[in-house]
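The structure appears right after this line, and notes come after that.
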Amino acid sequence: MTTLVGFTFSGVQLRINIMSLSQFNTVGFVIEYESGQLSEEEIIEGFQHLINDGTVWSLQGHYGRTAAALIEAGLCEEVAA
């Protein structure tokens, strides 16, 4: 789900996370998450997107509980309202 692109510009090595540049696909994330297709890093990134836009709190209870656990563990950041 996450694609890193690396290139050199004026002697500076750049790495860009394509997922953060494109619009987050909530439905795609949920499908891949529930089917076990994501790495731990992709799960954390996906939950952070859901936390950032507030969607996680309106999904099935598992998502809110998982988001809260990731925040508690310091793996995701809580967003101020």
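The values are calculated or read from the model by the stated rules, or taken from the named source; none is laboratory data. Bear in mind that the values here come from a model prediction, so they are computed numbers and not experimental data. Backbone-built Cβ (ideal geometry, glycine too); neighbour counts: all protein chains shown.
Return the pairs, sorted by first residue and then second, in which the second residue is loosely packed, with under 14 Cβ neighbours inside 10 Å and at pLDDT below 95, the first residue lies in region 46-75 and is closer than 13 Å to F24 by Cβ, the beta carbons are less than 7 Å apart, and the residues are 6+ apart or on different chains.
I51/V79; N52/V79
Taking region 29-45, which residues are in a helix (DSSP H, G or I) and either in contact (Cβ under 8 Å) with a residue 12 or more places away in the chain or under 11 Å from the mean Cα position of the chain (by Cα) (or both)?
F29, V30, E32, Y33, E40, E41, E42, I43, I44, E45
For region 46-65: of the residues being hydroxyl-bearing (S, T, Y) and under 13 Å from the mean Cα position of the chain (by Cα), which is surrounded by the fewest Cβ atoms within 10 Å (Cβ to Cβ)?
T55
Could you list, in sequence order, all residues of region 62-81 that are at pLDDT below 95 and in contact with a helix residue (DSSP H, G or I) (Cβ under 7 Å, 6 or more places away or on another chain)?
Selection gives V79 alone.
Looking only at region 46-67, which residues are among the aliphatic types (A, V, I, L, M) and assigned to a helix (DSSP H, G or I)?
L50, I51, V56, A67
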